[in-house]
Every structure is written in structure tokens, then in C-alpha cells.
Amino acid sequence: MKENFITLGIETSCDETSVSVVQDGRKILSNAIFSQIKQHAKFGGVVPEIASRQHLEAISHVTQKSLEDAKISFDDVDLIAVTHGPGLVGALLVGVSYAKGLAYALNKPLVGVNHIEGHIFANFLETDFTPLFLCLVVSGSHSHLIHVNNYGNYEVMGKTVDDAAGEAFDKVARALGLGYPGGPLIDKYAKQGDETAIPFPVAHFKEGDLSFSFSGIKSAVLNYLNHQRQKGLPIIVEDVAASFQKAVVDALVENTLKAAEMKKVKTIALAGGVAANSRLREELSSRAGTDFNVQYPPMILCTDNAAMIACAGYYRYIIGNEADMTLNAYANLKLF
Ligand code: KG4
Ligand code: ZN
């Protein structure tokens with residue numbers, strides 16, 4: 001691989017249009033992110049049709065901004081990497097079509113990246129971190145425990161059987177009237193609350209099963225809120241947020257530590273939007289103690305961004321995973 005190898009990453013799987021320029025797989029030269037949160041907030045969640053239209057309107061401006069920020073031109077790009085799933089299919093198609101158009105017009109190689117793999121690779125940006133490690137990927141649509149043997153070599157050790165962790169944060173925040181996206185707001189309110197105030201239940205699985213389940217706790221919060229309202233009792237938003245967050249964090253941390261012990265790894269990494277949660281970072285680090293190193297990306301690289309896609313694309317390209325013009329978008333793309 002030549003030095004100063006430039007990857008242009010493109011991410012449009014949900015409600016962020018992002019284009020990034022990454023040098024030699026890990027050095028971020030630019031990471032332009034156009035968030036559509038304002039457009040979706042009034043509906044309480046992402047509206048797929050609006051997301052596709054917004055991506056379409058933004059993609060070439062965001063690309064231009066990313067190139068300008070990195071002080072390069074299209075001619076300097078060596079590889080184009082694009083998220084092709086999982087995600088909203090209409091949204092993904094905007095990025096995939098744009099990337100294919102660029103690759104064809106510029107005569108540059110193209111790589112399709114799995115969004116979940118991208119989240120894992122956010123841990124490599126601006127660091128010299130390398131596999132092997134255990135990764136807890138927690139986002140708005142995924143809660144996966146993944147043993148990362150090597151670049152592109154994964155074993156899923158556990159995942160959610162119903163809602164994703166981020167989905168539970170978003171639904172509980174909505175029930176509390178906090179707005180969208182709920183995760184950062186629950187995180188904020190929980191800081192002022194008592195996390196032992198309400199003992200919300202966490203689903204437990206049989207010994208050795210590392211699955212997660214978050215729909216039960218979401219229902220428990222909704223039932224609690226209904227009960228309080230019906231009886232005319234007070235609802236202390238901060239306490240509900242803190243107690244709910246504690247239950248989710250405990251479940252995530254418990255399984256993560258068990259998986260790390262089972263695999264005898266030295267390092268645990270966090271990835272995905274929920275990895276931005278301050279309580280999760282704190283609790284995992286404290287319970288890992290000196291047994292494990294805990295690693296997580298900076299906040300801005302936890303939520304959706306194209307730098308992580310460029311990084312994952314670079315490593316995919318190295319192992320010979322070049323795509324052609326038949327590259328398509330898949331809403332339910334599997335990791336392997
Ligand atoms: O990875 P991401 O940006 O998009 C997906 O791939 O889904 O994750 C978004 C999710 C949302 O559910 C959001 O509420 C959650 O990550 N999130 C958080 C925090 N920041 C974002 N959840 C808990 N605490 C946070 N600080
Ligand atoms: Zn994501």
C-alpha cells in the first residue's frame with residue numbers, strides 16, 4: 001500500500017449525511033457531518049422518506065466541504081468507501097449511488113462497508129490500537145458482543161433478542177417527553193437523579209447465554225409512568241432516567257465482562273452511539289478494574305460518521321474486498 005493513501009468515506013445509513021477524508025486508514029483529515037436531527041425531532045424519530053430526501057440534498061455539499069476541510073481534490077482520492085447496510089434502504093441507496101457515480105467518473109476503486117463494522121473501526125481512528133479485543137457495539141439498532149479476532153474476522157458472542165439498547169433509550173425518553181434522540185437526554189437527566197429510586201427489572205438468560213433483552217425494561221418504565229399518572233403520584237424524570245439507565249448499563253456491562261473472561265482477552269472496546277453514554281463508560285471502566293483495558297472512541301466518533309467507514313473500508317480494501325458497479329444497499333446486511 002502506498003504512503004499517504006487517501007480514502008473518501010461516505011455514510012448515509014440513517015439520519016446523518018457524512019463524508020470524511022482519512023489518510024492511511026487512521027488519520028482523519030476531515031469528517032464533515034450534516035445531522036438531520038432537527039428535521040426528524042418533531043416526529044419523535046427518524047422518518048425514512050425525509051431521511052432519503054435530506055441525504056440527496058446534502059450529499060454533494062457535504063462531500064465538497066469534506067474535501068475543502070482536508071485541503072485535497074477528487075484527484076487525490078485513492079479509494080471510495082461507502083456504507084451499504086444495515087440501515088434505511090432509501091437512505092443507504094443515496095450514499096451507494098453517489099459513491100458508485102464517483103468511483104466510475106474518477107476511475108477509483110470502490111469498497112462497500114458494513115455499518116456495524118464501521119462502528120467497531122471507530123476505535124482505530126487516531127490511535128495505534130489493534131485486534132484482538134472484545135467489542136460491545138451498542139447503537140440505535142444494534143446491541144452486539146463481538147469478538148474481534150482480526151480485521152474482518154469476527155465472532156458474534158451475544159446480541160439482543162428484541163430492542164436495541166439505543167432504541168430503548170429513545171423510547172423511554174419519548175415516554176418521558178424528553179425529545180429525540182433520547183440517549184443523550186437520558187444521560188443528561190440521569191446525572192441529577194437517584195439511580196436506586198426505582199428498581200426496574202433486567203432480563204437474565206441462562207448461564208452461558210450472552211443475549212440481551214431490552215423490551216421488558218422499556219415496558220416496565222411505561223407501566224411505572226402509567227401507574228404514577230393514574231394514581232396522581234409524582235414522576236421525578238431525573239430518577240426514572242437514572243434508574244432506567246442503571247438497569248440497561250448493568251445488563252450491558254455484566255455480559256461484556258463475562259464474554260471477555262470467556263475469551264480471555266485483555267482489551268474491551270465500546271462502539272456505537274450508546275458508547276457515548278457517560279454511565280456506561282464509567283461503569284465498564286470501574287468494573288473492569290485492572291483485569292482489562294477499556295477503550296472507547298471520542299464522542300463524535302461513537303455516533304454515525306464517515307471517518308469510521310473510511311477506516312473500515314481501507315482495511316477491507318487491503319484484504320482484497322473491492323466492490324464493482326453491482327454494489328447494492330441492504331437494509332439487513334449481516335456482518336459476515
Ligand atoms: O450509532 P448511532 O449514531 O446510530 C445507529 O447506528 O443507530 O446510534 C444512535 C443511538 C440513538 O439511539 C441514541 O439515542 C444513542 O445512540 N445515544 C446514546 C447517547 N448518545 C447517543 N445513548 C445513551 N447515551 C448517550 N449519551
Ligand atoms: Zn450507527
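FYI, it's all coordinate maths here, none of it is from the lab. Note that this is a predicted model, so its numbers are computed, not measured. Please note: Cβ atoms are built from the backbone with ideal geometry, for glycine as well, and neighbour counts cover all protein chains shown.
Quick look at the values:
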quantity: Over 19 Å between alpha carbons, listed pairs LYS71/LYS100; LYS27/LYS263; LYS246/LYS266; LYS218/LYS246; calculated: LYS71/LYS100; LYS27/LYS263; LYS246/LYS266
quantity: Antiparallel DSSP beta bridges within the stretch 133-296, percent to nearest 5; calculated: 60 percent
quantity: Segment LYS191-ASN293, length gained on full extension (0.36 nm per residue, minus Cα span); calculated: 34.2 nm
quantity: Dmax and Rg, reported as Rg then Dmax, of the chain (C-alpha, Å); calculated: 20.1, 69
quantity: Separation of the ASP75 and ASN332 label points, Cα + 7 Å toward Cβ, nm; calculated: 4.7 nm
quantity: Overall dimensions of the stretch 133-296 as given by Cα atoms, namely Rg and Dmax in Å; calculated: 15.8, 55
quantity: Long-range HN-HN contacts of GLY272 with modeled amide H, under 5 Å; calculated: VAL138
quantity: For the stretch 201-276 versus the stretch 87-153, the gap between their alpha-carbon centres in whole angstrom; calculated: 26 Å
quantity: Ellipticity estimate at 222 nm from DSSP helix runs (n ≥ 4, -39,500 (n - 2.57)) divided over the chain, nearest 500; calculated: -13500 deg cm²/dmol
